[in-house]
Amino acid sequence: MIRADIDLGAIRHNARTLARLAAPAALLGVVKADAYGHGAEQVANVLVEEGVQQLAVATVGEAVQLREAGVTVPILVFAAPLAESLAAYARLELGVTVSSPEVAEAVVEAARVHGPLACHVKVDTGMHRLGFSPEAVPEALRYLAEAPGVSVDALWTHLATADGDLDYAREQLRAFSALVDRLGPLAPLTVHVANGPALIRLTHEVARPSTLIRAGGVLYGLSSSGDLAPEADAAGLKPAMRLSTRVVHLQTVEAGESVSYGRAWVAPEARRIATLAAGYADGVPRALSSSGHVGIGGRLYPIAGRVCMDMLMVDLGPPQASAPGTERPHGSGAIRVGDEAVLFGPGGPDILRQADAAGTISYDLTCGLAPRVARTWRDGAPGGP
């Protein structure tokens, strides 16, 4: 019963909006984690139709899926590769993230054995996850450039706080720009530093060091923080996913009776309770227990008690407000078994609000949807407004 409706037209709109912001830099579409839960194959096809000429994923397996689906544009794999996986990079013509001397050595050897490899050299300017120190970059670039069958296609870094602390993001930008200046002709023609939040919040400041912009969550109309959300809205980005399920049971509990496991929620008075077909096995965070909300009939109702594996309960208020045969607010009719219940998206809570209630970010909600959640896609005409 639970399903995610994905608006590919919104993703088209977002890609066009971001491409205009990024120009003259090109856009790289990030479709890792099944395109943040939106369907990697479907989204990749849309992005290619919209003129996005490069994609990125997190793992070789994700890249294999796209190649088998007929995607032919260049694909960068963000993960640091293990030596045994490099044969697949060569066979599938994937971009390699080179982030350490050990990876560089493995790439040189793999190119000799398996064929040409294209490298994106990663610099650690403050994220401290992957990458060469800026001081080690010149030697790494020379080593790779001299190796037969190895091409250095790009130099890049990743900003840790572009959706939050802009002062630190600017420090990283300055460090990367200074490195590119020092490298002079040794620097690759393609450099990429800006992710989606940096593009939106530091549009003019990222223009100089970036010839390529990595757009991830913003492609799907997602904001990773409350700082980013109003600026993403002002840019006109549109959320692309709506998650909904159905009411499967209705009952009245009396004052002092509890709902769900652990008796963590106890009715303060007689309350009407709706049971919904959605739970943490579908990807609805258990952290939404007694904290999240669900939309039914255009009104938000609080989740009552613990989210179960396959179901959750919602407090509809006193029986006279919501029992069968009574009227909802605004004359919308009685809540009945079979009614739609929206977990996020139009008719329900905003996804950022729901993520805040769960103590996480919106990406977590879309990426965490289980395979058993049905996906439906709709799309407007590629040439639409």
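The values are calculated or read from the model by the stated rules, or taken from the named source; none is laboratory data. Keep in mind that this is a model prediction, so the values were computed, not measured. Glycine also receives a Cβ, built like all others from the backbone with ideal geometry; neighbour counts cover every protein chain displayed. The accessibility values were calculated without ligands, DNA or RNA, using every heavy atom of the protein model including side chains. Shrake-Rupley method; radii C 1.70, N 1.55, O 1.52, S 1.80 Å.
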In the set V108, V57, which member is open to solvent by less than 10 Å² (accessible area, probe 1.4 Å) and under 30 Å from A136 (Cβ atoms)?
V57
From the list P116, P134, which one is modelled with pLDDT of 95 or more, in contact with a Ser or Thr (Cβ under 8 Å, 6 or more places away or on another chain) and over 17 Å from V193 (Cβ atoms)?
P116
For A80, state whether it is touching a Ser or Thr at 6+ places or on another chain (Cβ under 9 Å) and closer than 27 Å to V180 by Cα.
yes
Identify, by number, the condition in (1) touching a residue at least 24 places away in the same chain (Cβ under 8 Å); (2) not in a loop (DSSP other than H, G, I, E, B) that E84 doesn't meet.
(1)
Kindly establish whether A274 is surrounded by fewer than 22 Cβ atoms within 10 Å (Cβ to Cβ) and either in contact with a helix residue (DSSP H, G or I) (Cβ under 6 Å, 6 or more places away or on another chain) or in contact (Cβ under 8 Å) with a residue 40 or more places away in the chain (or both).
no
Taking T326 as meeting all but one of (1) farther than 23 Å from Y220 by Cα; (2) in a loop (DSSP other than H, G, I, E, B); (3) at pLDDT 95 or above, write down the number of the exception.
(3)
Among the residues of the stretch 372-385, which ones are open to solvent by 70 Å² or more (accessible area, probe 1.4 Å), modelled with pLDDT of 95 or more and assigned to a loop (DSSP other than H, G, I, E, B)?
R372
Among residues belonging to the stretch 223-252 that are of a type in the set (A, V, I, L, M, F, W, C), part of a loop (DSSP other than H, G, I, E, B) and open to solvent by 10 Å² or more (accessible area, probe 1.4 Å), point out the one that is farthest from D165 (Cα to Cα).
L237
Return yes or no: is L130 under 23 Å from L66 (Cβ atoms), in contact (Cβ under 8 Å) with a residue 12 or more places away in the chain and surrounded by fewer than 22 Cβ atoms within 10 Å (Cβ to Cβ)?
yes
Going by the structure shown, is Y220 within 24 Å of V48 (Cβ to Cβ) and of a type in the set (F, W, Y)?
yes
Just checking, which of D124, D165 is of a type in the set (D, E), over 22 Å from G61 (Cα atoms) and out of contact with any Leu (no Cβ under 9 Å at 6 or more places or on another chain)?
D165
